[in-house]
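Note sheet for the following structure.
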Amino acid sequence: MENLNSEEKIIQDLLPQGFNKSGRIWTGILIALCLVGMFAYYRQLRYGLIVTSMRDYVSWGIYISNFVFFVAISLVGSLITAVFRLSKVEWSTPLTRIAEMIAVAAIIFASVIIIVDMGSPERFYNLFIHGRVQSPIIWDVIVITTYFFISILLLYFPLLPDIKILIGHKETKDHRFKYLFKFYNFLGSFWKGTPEQFKLSERAINILCITIIPVAFSIHTVTSWLFATTYRPGWDSTNFGAYFISGAFLVGGGAVLVAMYVFRKAYHLEKYITEDHFEKMGKMVVLLALLYLYFNINEYLVPAFKMKKSEEAHLTGLFTGEFAPLFWFAILVGMILPIIILLFKKGRKPLPVFIAGIMVVVGAWFKRYLIVTPTLLHPFLPMTNVPESYRHYFPSWEEWAIAIGSLAGALLVITILARIFPIIPIHETLTEQHETAE
Amino acid sequence: MKLLNKKIITLFSIVFLLAGYDGLSQDAQKGDLNISLSSFISNNKIPYVVAKVKTKIDGKFQMVSGINLNLFLDKDSAGTLIAKVVTNEKGEALAVIPPSLKNEWASTINHTFLATFDGNQKYEASKADVTVIKAKILIDTTSDRKVTATFLEMKDTAWTPVKGVELKIAVKRFDADLSVNETATFTTDSLGQASADFKRDSIPGDSKGNIILVAKVEDNDQYGNLSIEQTVPWGSKFAGENNFYKRTLFATRDKAPVWLLLMAYSIVIVVWGILFSLVDTIFKIKKLGQQIKS
Amino acid sequence: MKQENNSRRDFLLNGLLAAGVAVGVGCSSKKNVFESGADETVIASGKKVKLLSVDGEIIEVDEAFLKPVPALPPVSNKEARLGIAGKKFVMVIDLSRCKNLRKCQEACNHMHSLSPGQNWIKVDSMDDDSAHTAPYWQPTTCMHCDEPPCVKVCPVDATFKRQDGIVLIDSDRCIGCRFCMAACPYSTRVFNWGTPQIPAEVAVQPYSCETSVPQKKGTVGKCDFCPDMARRGELPHCVSACPNGTFFYGDLNEDSVSNGSETFRFSDLIKDKSGYRLMEDLGTKPSVYYLPPVNRNFPYESGLENDKSEKK
């Protein structure tokens, strides 16, 4: 009887909850930021990319760095869910759905931001009717579509048992939630929880976990190839695929640290996302940060040792020149400080972990900017016969508004998903509860 | 005349400026057009005339397009009109001699081409003329790759050799004449002849090795422009080599390398095959669930 | 310059109007209009025109042989993508003749109705303060590489390599992703960030990838080697605009290049003057060759004045 009670308690704890006051403020702010971004995009559609600060030399700006950031962060879904699952890391169960939600939101906005970057977005369909398989952009279109689809499936399959619970419990009598209820029914009314269904679902999840890993590697490797397939200093590197993937795992890990803390606080999940989770994820992020640091040393030390003429201006610009403050900020705040914080046991308590996570994510965003822009300011031939504004780059308000709007949009998607679906897989938590009880 | 014009222009300008209306003042400041005429005869066949129109803007000569010109033969009258032409984007216009002028053409050895412009809102009326002596150019080649050009003019009723005419002996190339040897131009001797040795060995010709030799008199004050061509098999056979139709990374989508297509399609088919089978699993699960209901 | 109507359409119409009275076709004076060479590609239209011969006889000539026949109707997109068969266009830039006058740029910008600030031809000042090297002026156009990195990366075949060696952009196809701009090591590509500022009469012209006119918002532009001129058998605008004869243009398959007044055998010129290509090590195989700035016609300093006016 008591077992049943505790089960009921777990379900009550983990059911998605309506927004409280701060939830409403949070959602309102996100929507407002999205609207500002949409207005800026309207201006961009109307006047063209002239509203940005991008010009002929810096032809890719924060839109592209934001795109790389989103693609990077989306990789977390495959890390937490697939890698941990396949290596039978059980403590990660409560984190899988958070990771998948972040992945889906990020991959959606990666596609959005790449369309925003296009000069003629009304011709997007050309990619499908004239697509050229030789171009890395087409590879990116293919892998992003694939990854999005896999992420949706990986979110959906483990949700099925939870949807059954939701249909059983969720405010069924409340008239206000009629549509939500219909939506649940649409998604999973057929799930009865029979052993055959479980068998099929388990098998599907296992296949997905195996499939998502190479696809996830592809998506970020291909994204790195958008740069590495050119001749430009700072991009012309064989190291780029691995460098991007390690960076992606780091920022994904950082994002999970932040999300864990926020959801734990907002939904009072202290019993489910325990200090132990912070401890373990903290260690994980240290490992990932060290890995990324290693690739960074590779990426900068080797060319700096040679100081090829074409690389020289680019590298000195980063180390001591105009980009130096940002560069060292990204290295220190994005990698070294989080490593130091998380190395200590005290540093792996929820709050310091949260702070380290924020540092990782913010550092990672600027790191992407440093990968994209400084290179473009150091072409092989001198910058000649162009207006003065072409020689520098600082994003215009429209670019900031759209970039921030897209970040807000991703957070909004996560917020909405967390409103509709349980943040922590209820069914799996119950099963584990049973196993430990036995 | 010009002085008067200037005075009128100044007066008009002042009047318009005073009236605070400067819209018409531009019309009042008409530009002067400079017309130049040249005659051409190719392969001693069809004579034609080219008019070039330019004007000085900010101290620099600029070509003027869209100028209506009347071209006449020998005298400015309706009966001797060669053509009404309009200059193109380069300020040039061309006309051939129409059959209606057969009698005028046959009447004299020397001809004068006239061009008149009646003036429009922007430019003053203007005219130009050029007189040329009837002449012809011949080309001859020998088997030891020597090219001889002969220049003749019509004197009374006989073709007479002309000495001291500067001409080009060249291989015809893309919008250019590549001299047959290091010498750029040749001068005719008392026989009206100029000879040149062909030194452009193995220059690419067409697929049979044919090249076109050309002898040319350009911008001659007395004779205008004359040229004659002859095709000779002195070039190397040109076999076009092109990777345009090959499968490469820089070719169009229908010419993607096979290895790339194989890689791309095999990966896409495998991955999406798995994904579709998983979607199928959803339907299977659904079916199982519905069976229980019934 | 305003009264100069550079609409090619109008020019064709003018030609036809003139033909109503006699047979008048606008053309360059240098061209031999009745040539019929070995590589003759003119197709007889069947329509005969009566003319007077030099001997005073009336003869009939096929209308099509009144060369150069301006492309009428304009070449289709398909033809423009294939290019001119049997040709391989190359350019030679003699650095010893350049003094940064930028007449090439002026002519190019005008003929292609480029927006202010946009240049397809740039004249780089190749000076390195630290090195003990002699500075020189280096005009750069699109290199029309034989293995073009920009074409490799284009996702939609908007930029393409033709059989005559020219790399073109189809502004009706371009999606504005700017990957080609990142891929081009010569930084030759420009982007129409806003609505192109072009005269109204140019803006309404039908677009063709061969004329590259009019440029369109949100698409990439670059030097096109003037394929519309090449089709008419004429030199590109930059070549004829340079008063110093810096640019040579021609057909590699004919082994000849010309700047309008001088013509050289291409292979001899490259051999005698040690011609080279930019960034040969990248393997892009450019179609533009440079002759080193030796025995200069002008000191480097003579070009500095022109540079000052730009940096105002």
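Table: residues versus (1) over 16 Å from C:Gln138 (Cα atoms); (2) under 18 Å from the mean Cα position of the chain (by Cα); (3) in the same structural domain as C:Lys87 (by TED's automatic domain parsing); (4) modelled with pLDDT of 95 or more.
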| residue | (1), (2), (3), (4) |
| --- | --- |
| C:Cys209 | yes, yes, yes, no |
| C:Pro214 | yes, yes, yes, no |
| C:Val239 | no, yes, yes, yes |
| C:Phe248 | no, yes, yes, yes |
| C:Ser258 | yes, yes, yes, yes |
| C:Lys271 | yes, no, yes, yes |
| C:Asp281 | yes, no, yes, no |
| C:Asn295 | no, no, yes, no |
| C:Phe298 | no, no, yes, no |
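I'm trying to understand the selection: among the residues of region A:103-139, which are aromatic (Phe, Trp, Tyr) and assigned to a helix (DSSP H, G or I)?
Scanning region A:103-139 gives A:Phe109, A:Phe128, A:Trp139.
Scan region C:266-302 for residues that are at positive phi, in contact (Cβ under 8 Å) with a residue 24 or more places away in the chain and away from chain A (no Cβ under 14 Å) and report the count.
Result for region C:266-302: 1.
Just to be sure before I move on: is A:Phe366 over 23 Å from A:Gln44 (Cα atoms), away from every other protein chain (no Cβ under 14 Å), in contact (Cβ under 8 Å) with a residue 24 or more places away in the chain and surrounded by fewer than 22 Cβ atoms within 10 Å (Cβ to Cβ) in the structure I sent?
In short, yes.
Would you say B:Gly289 is more than 14 Å from chain A (Cβ to nearest Cβ) and modelled with pLDDT under 95?
no
With the checklist (1) in contact with a strand residue (DSSP E or B) (Cβ under 9 Å, 6 or more places away or on another chain); (2) modelled with pLDDT under 85; (3) polar (S, T, N, Q); (4) over 28 Å from C:Pro243 (Cβ atoms) in hand, flag the one item B:Gln26 doesn't pass.
With (1) in contact with a strand residue (DSSP E or B) (Cβ under 9 Å, 6 or more places away or on another chain); (2) modelled with pLDDT under 85; (3) polar (S, T, N, Q); (4) over 28 Å from C:Pro243 (Cβ atoms) applied to B:Gln26, the lone miss is (1).
Please verify whether region C:267-285 includes one or more residues that are part of a helix (DSSP H, G or I) and crowded, with 18+ Cβ neighbours inside 10 Å.
Checked region C:267-285: at least one residue is part of a helix (DSSP H, G or I) and crowded, with 18+ Cβ neighbours inside 10 Å.
Can you find a residue that is in contact with a Leu (Cβ under 7 Å, 6 or more places away or on another chain), among the aliphatic types (A, V, I, L, M) and not in a loop (DSSP other than H, G, I, E, B) anywhere in region C:158-170?
no
When region C:106-137 is examined, which residues are found to be hydrophobic (A, V, I, L, M, F, W, C), over 17 Å from the mean Cα position of the chain (by Cα) and part of a loop (DSSP other than H, G, I, E, B)?
C:Ala131, C:Ala134, listed by residue number.
Which ones in region B:244-267 are under 38 Å from the mean Cα position of the chain (by Cα) and part of a helix (DSSP H, G or I)?
B:Arg253, B:Asp254, B:Lys255
Condition check ((1) free of Cβ contacts under 8 Å to residues at least 12 places away in the same chain; (2) part of a helix (DSSP H, G or I); (3) surrounded by fewer than 14 Cβ atoms within 10 Å (Cβ to Cβ); (4) at the interface with chain A (Cβ under 8 Å from one of its Cβ atoms)) across all residues:
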{"residue": "B:Lys216", "(1), (2), (3), (4)": "no, no, no, no"}
{"residue": "B:Ala239", "(1), (2), (3), (4)": "no, no, yes, no"}
{"residue": "B:Asn242", "(1), (2), (3), (4)": "yes, no, no, no"}
{"residue": "B:Ile269", "(1), (2), (3), (4)": "yes, yes, yes, no"}
{"residue": "B:Asp280", "(1), (2), (3), (4)": "yes, yes, yes, no"}
{"residue": "B:Phe283", "(1), (2), (3), (4)": "yes, yes, yes, no"}
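Exactly one condition in (1) buried (at least 21 other Cβ atoms within 10 Å of the Cβ); (2) in a loop (DSSP other than H, G, I, E, B); (3) more than 9 Å from every other protein chain (Cβ to nearest Cβ); (4) not hydroxyl-bearing (Ser, Thr, Tyr) is not met by B:Asn88; state its number.
(3)
Pairs under 7 Å by beta carbon, first residue within 9 Å of chain C (Cβ to nearest Cβ) in region A:128-153, partner in a loop (DSSP other than H, G, I, E, B) and of a type in the set (Lys, Arg), six or more apart or different chains?
Filtered contacts from region A:128-153: A:His130/C:Arg173; A:Ile138/A:Arg132.
For the structure I just gave you, tell me whether C:Asn306 is farther than 22 Å from C:Ala80 by Cβ and assigned to a loop (DSSP other than H, G, I, E, B).
no
Against the definition (of a type in the set (Lys, Arg) and either at pLDDT 95 or above or within 29 Å of A:Pro16 (Cβ to Cβ) (or both)), how does A:Lys280 come out, yes or no?
yes
Restricting attention to region A:264-307, which residues are over 30 Å from A:Val353 (Cα atoms) and surrounded by 13 or more Cβ atoms within 10 Å (Cβ to Cβ)?
A:Pro303, A:Ala304
Considering only region B:106-151, how many residues are part of a strand (DSSP E or B) and of a type in the set (Ser, Thr, Tyr)?
8
When you go through (1) within 15 Å of the chain's Cα centre (by Cα); (2) within 10 Å of chain A (Cβ to nearest Cβ); (3) without any contact (Cβ under 8 Å) to a residue 60 or more places away in the chain one by one for C:Thr140, which number turns out not to apply?
Evaluating C:Thr140 over (1) within 15 Å of the chain's Cα centre (by Cα); (2) within 10 Å of chain A (Cβ to nearest Cβ); (3) without any contact (Cβ under 8 Å) to a residue 60 or more places away in the chain leaves (3) as the failure.
What do you reckon, is A:Ile113 among the β-branched types (Val, Ile, Thr), touching a helix residue (DSSP H, G or I) at 6+ places or on another chain (Cβ under 9 Å), crowded, with 24+ Cβ neighbours inside 10 Å and at pLDDT below 95?
When the stated conditions are applied, A:Ile113 does not pass them.
Exactly one of these conditions fails for B:Phe117: (1) surrounded by fewer than 23 Cβ atoms within 10 Å (Cβ to Cβ); (2) at the interface with another protein chain (Cβ under 7 Å from one of its Cβ atoms). Give me its number.
So B:Phe117 meets the others, but not (2).
The values are calculated or read from the model by the stated rules, or taken from the named source; none is laboratory data. These numbers were taken from a predicted model, which means no experiment stands behind them. Because the Cβ atoms are built from the backbone with ideal geometry, glycine has one as well, and the counts that use them run over all protein chains shown.
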